[in-house]
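The values are calculated or read from the model by the stated rules, or taken from the named source; none is laboratory data. What you are looking at is a predicted structure, and each value in this text was computed from that prediction instead of being measured. All Cβ positions, glycine included, derive from the backbone under ideal geometry; neighbour counts span all protein chains shown. Just so you know, the surface numbers come from the protein's heavy atoms only, side chains and all, with ligands and any DNA or RNA stripped out. Shrake-Rupley method; radii C 1.70, N 1.55, O 1.52, S 1.80 Å.
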Amino acid sequence: FFNNYHCSQAVLAVGQAKLGLADSNLMKVMDVFGGGLGAHGEVCGAVIGGLASLSLRYGRMNGDERADRKMWACAFRFMKRFREEVGGGSILCRDFVDVDWADPKQVRDYQEGDKFLQCVEIVGKAARIMGEVLDSAESKE
């Protein structure tokens with residue numbers, strides 16, 4: 001991923017650029033979501049980055065504000081498309097790359113092999129879907 005970001009950060013970086021934002025603290029916060037929620041193989045970091053980007057546009061700043069229904073609609077569309085177009089029905093990192101992130105040999109094999117390239121493709125597709133969902137929502141405003 002560009003700039004050696006994790007999947008979650010790479011998709012959020014695209015989202016921030018699309019929204020005209022550049023918050024390094026957000027990038028730092030997203031770091032731990034790589035490898036499927038803290039390297040546990042759970043929800044793919046690219047999904048987290050995509051959802052975070054949508055929330056940047058439509059999320060609330062504080063609890064006193066009403067939630068924007070558009071955020072939930074965008075999240076639904078993003079998740080549906082990711083599952084259908086990328087994940088084969090799944091959103092789990094382990095289903096895509098099957099890496100035990102606690103095993104240094106598996107991590108090295110991942111970084112040097114086809115599984116990393118698979119993630120690059122997943123990140124690109126997640127960023128594209130997120131951008132298209134944002135564009136679609138913006139055109140309806």
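For this structure, a couple of remarks:
- Some residue of segment 4-15 being over 15 Å from residue 121 (Cα atoms), at pLDDT 95 or above and hydroxyl-bearing (Ser, Thr, Tyr): no
- Residue satisfying condition, being over 16 Å from the mean Cα position of the chain (by Cα) and at positive phi, within set 20, 113, 35: 20
- Selection status of residue 78, open to solvent by less than 30 Å² (accessible area, probe 1.4 Å), in contact with a Gly (Cβ under 6 Å, 6 or more places away or on another chain) and not small (Gly, Ala, Ser): yes
- Screening 73, 67 for residues that are closer than 23 Å to residue 139 by Cβ, open to solvent by 20 Å² or more (accessible area, probe 1.4 Å), among the aliphatic types (A, V, I, L, M) and modelled with pLDDT of 95 or more leaves exactly one candidate, 73.
- Checking 21, 56 one by one, the residue that is in a loop (DSSP other than H, G, I, E, B) and open to solvent by 50 Å² or more (accessible area, probe 1.4 Å) is 21 and no other.
- From the options 70, 80, 115, residue that is of a type outside the set (A, V, I, L, M, F, W, C), assigned to a helix (DSSP H, G or I), closer than 25 Å to residue 135 by Cβ and touching a residue at least 12 places away in the same chain (Cβ under 8 Å): 70
- Top-ranked residue of segment 36-53 - restricted to ones that are among the hydrophobic types (A, V, I, L, M, F, W, C) and surrounded by 24 or more Cβ atoms within 10 Å (Cβ to Cβ), ranked as farthest from residue 138 (Cα to Cα): 44
- Residue match in segment 91-98 (condition: closer than 18 Å to residue 52 by Cβ, modelled with pLDDT of 95 or more, β-branched (Val, Ile, Thr) and assigned to a helix (DSSP H, G or I)): no
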